[in-house]
Structures are given as structure tokens and as C-alpha cells.
Amino acid sequence: MRTASRGVILFCVLQLGGPLAAQEHLAVPDRTSAARSILSLLAARDFGAVVERFDSTMQRVMPEPKLAETWDALVGQVGAFASQGQATPDRVQGFDRVTIASTFARATLDVRLVFNQAGLVSGLWFAAHAPPPSSSPPPYADTASFRETDVRVGQSDLALPGTLTLPTAAGQHPAVVLVHGSGPHDRDETIGPNRPFRDLAWGLASRGIAVLRYDKRTRVHAALIAKSPSGFTVREETVDDALAAIALLRITAGVDTSRVFVLGHSLGGMLAPRIAARDPGIAGLIILAGSTRPLDDILIAQHEYLARLDDSVTSGEEQRLADLRRDLAAVSTLSATDRASPKLILGAPPSYWLDLRAYDPVATAGRLTHPMLILQGGRDYQVTMEDFQGWEAALADRADVRMRVLPALNHLFMAGEGTPSPAEYQTPRHVAPEVIEEITDWIQP
């Protein structure tokens, strides 16, 4: 058994608070003692006492039985709770947050609690404990050849902080918008010590291509979304913000407005055709590990793969797979009358699942006239060759579509060896040089 990856919607976790945004440098009320007390109650299985400390939204979506189920599923994956480690308080978007490094029998997790102004818990999140992300540049980056500027993507209350990486050489440069995979990612798509979007931005900018990356809406505005999840879809999660980023590039000095491209990774790759369908002026699509299978099929396949990594499936793992299949069966029965329901299934409201069910990325791509570059890592267990073959079946005959499999690369397009697993995401690496070369050669042949 191995722990689940960040590619799934939930890691036995309620992501209401989530990692919200850049830290606010303000006086932080001391919620550390309260956070440690709540974690101790969880470990003691006193779920009723924990729920009493939830705000009304949390009590509605995570009542005592659901909390017990969530904790038991987590412990089934990572083993019994052992001890609390360092606690780190901070303040984000007006909320107080405490992250506690917590040791379980088979893993160390970050247990993150988000508190409202009244001191009640408004979010509870578990994630693999990770060292600080690497600050070292990839070997192919020439940091003297570009400059970075803070920007804001979008104009409303849902605007997102981002970074524009612009070559310093004179002239008008082609530009790329980076669109994240699933989960509440930051602008670097940080996973453990790795920062794949930072690597892409620095590598491409070193070769004369401007890049815009930004923090994802589900990271910056997680608390707001959690208060009213009904109606939420991938349009709000991803598509609208990508379009706003494209619009920003088109009014940015130094950018060739006729050569603005979209690069989507994982979920972002799956949604790239949908983004382009909304904006025919996009110069082309770069799809990295874009999924073509339904999300429920991918979730089952990922969990089965992880359960069998050690060549055995325990009774607990079989039960969790059965629970997942049960939840996904509920997804399959959703209808239009459920669209406004706030009830979450695997961390997402019915509107989210219904929206994805109605979207066919391959068919949408087939209707586009945009050039495309589609790259797939041969060691990717999350988005697999089966997904890549979906693109091939529909687009292989098009002269303006280039498809390439890079055998040694994983889901993050970083090189590895042996049996792929989530553990390798915790080893510091960089996006492989051949990815930068493929993209550069395609944009600037």
C-alpha cells in the first residue's frame, strides 16, 4: 500500500480551508494550542468534541459520522497516529491557519487547520509533509536573460496573484499561459520540493518565450468557494482564469499578441481544448499529460495502482476501494436536478461532476483548428498511455498536431527510474531539458 497522490480530488481529506494564498504579514492570533488540542481529539477518536469546534459550514458538510469515516480512511492509508511535531501558524485571507507536522506509522503528514475570526474551525486539510521547495534554478535556466514581475490575473474580487516571466531581449516575444492540474496549486505547481511551473517558466523565458503563471482560484479563494460550493464547475476552477490570463498577456508590453499559447498540465491539459474553444485567437495548445478518460475511471485506476504497489492488497485497502466505487456510483446517478445541491461527493459538488461528464476533451480538440503539441511521460501512472492514445486516435492524422512520448519522465515531466510512485515526487528534481526543447522548437521552429 502507498499513499494516494495529489492528482485525486480528495486525499481522505476535506479541503475546505486548503492552502489559501500567500501569507499575510500581520499579527497572528495564537491558534496553535487550539489546533494541537483538536488534533489530539482526532487521535483519541473524540469526533463529537472536534465537531463542536467546527463552524456551521464545517458542521454541515463534515458531521461526526463523516469525520469518523474520513479519519479512519486516512489512518487506513498512513497507519496509526504517533505524534505531533512542529506547528507553524500564519494568517491567510483573513483566516488564521496552523499547520502541524504529524507522524503516522507509515508517513509524515501536514495537518492544517483553518480558523475563522471567532476561533472556530473553517477548514481541515491533510497533505504529505514536504520540505521547502527548491530554490535552485534548473541547469537550463539563464536567470540573467529574463525578469519577473508580480501581476494580478482578473479584475474582480476573485483576482489571482501571479508572475510574469519576460525575456529581457528587445522585441515582441511569444508567450505561454500555464494552466494547473487538479488541486489547489500555487503558481509554481509546487509538489514536495519540486516546482515544475517555475522550471517551465524559467526554461522557456531563457529561450525568448514569455510565461505567465498564477495561483489557482481554489488556492487563493478556497474559503469563499467552500461557503457556497453548489454550482461550482471546472469553468470557475480553471477555464475562466486561464482566459483572463490570456487577456492580460495581450495587453502586456513585449508580448507578441498573435502568438499567445496555452500550456495545460494534467487537468489543465484536459481542459486546454475547452479553453481554446472559448478563444479562437489562441495561437496553439501545449498539452502535458492531458487526460482523455472520464475522471471517475482515472480515480479508480490510480487507487488500484497505489494499492497494488507492494504486490498485495489488504482488507482495509479493499474496503477503501469499495467505498470509492460506491461514491463514484453516486456520481454516475447524478442528474440535472442535482446541479444546485451543495452535497459534496469526493470533495466536489454535483455541479462539478455533471460539468465534467458533459465535456469530451478529444471531441472538442477535434473540432478546433489550433495547432497542438501533446507530450506524455512514459512513467506517468496518473495520466497514462491510455489517455495519450485517446489523443492519438483523434488527432494523429493532422499535420499541425505533434505528439511525443518521453519514456523516462513521470507525471511532473521529471526523469526517474524504477516503479513509479508518489514517493519520487518528494525527491528534488527539475523538469527534464527535453521538455523545454520540445516546447521551444515547436513554438519557435
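Its residue count N sets the reference 2.2 N^0.38 Å, and the alpha-carbon radius of gyration of the range 32-128 equals 1.00 times that reference.
Rounded to the nearest 20, the Cβ-based charge dipole of the range 32-128 about its Cα centre (Lys and Arg +1, Asp and Glu -1) stands at 120 debye. Helix 295-307 axis versus longest C-alpha principal axis of the chain: approximately 70°, rounded to the nearest ten.
Relative to the dominant Cα principal axis of the chain, helix 32-43 is inclined by about 70°. Distance between the C-alpha centers of the range 167-183 and the range 79-139? Whole Å please. Value for the Cα centre distance between the two parts: 31 Å. Taking every Cα-Cα distance in the range 329-400 and sorting them into 10 Å bins starting at zero, the pair-distance distribution P(r) comes out as 16, 34, 30, 19, 1 percent. Estimated from helices alone, the mean residue ellipticity of the chain at 222 nm is -9500 deg cm²/dmol (sum of -39500 (n - 2.57) over DSSP H runs with n ≥ 4, per residue).
Residues whose amide H comes within less than 5 Å of that of M403, counting only those at least five positions distant or on another chain, are I374 (H built at 1.01 Å from N in the peptide plane). Volume of the convex hull of the chain (Cα atoms only), normalised per residue: 139 Å³.
If I fit a long axis through the Cα atoms of helix 196-205 and take the longest principal axis of the Cα atoms of the chain, what angle between them do I get, 0 to 90°, rounded to 10? For helix 196-205, the angle is close to 20 degrees.
Charges at C-beta only: +1 for Lys and Arg, -1 for Asp and Glu. How large is the resulting dipole of the range 72-136 about its Cα centre, in Debye rounded to 20?
In total the dipole reaches around 60 debye.
Counting only DSSP beta bridges with both residues in the chain, what percent are antiparallel, rounded to the nearest 5?
So the antiparallel bridges amount to about 60 percent of the total.
Suppose R0 equals 30 Å. What FRET efficiency, 1/(1 + (r/R0)^6) with r the Cβ-Cβ distance, do R398 and R357 give to the nearest 0.05? Efficiency at R0 = 30 Å is approximately 0.70. According to the Cα-based calculation, Rg over Rh for the range 187-329 is 1.05, with Rh computed by the Kirkwood formula.
In terms of the Cα gyration tensor, with a ≥ b ≥ c the square roots of its eigenvalues, is the range 102-161 rounded because a/c is under 1.5, prolate because a/b exceeds b/c, or oblate? Oblate.
Since every read-out is calculated from the coordinates, none of them should be taken as a lab result. All figures in this text were calculated on a predicted structure; none of them were measured in a lab. Positions of Cβ are backbone-derived with ideal geometry, glycine not excepted, and every protein chain shown enters the neighbour counts.
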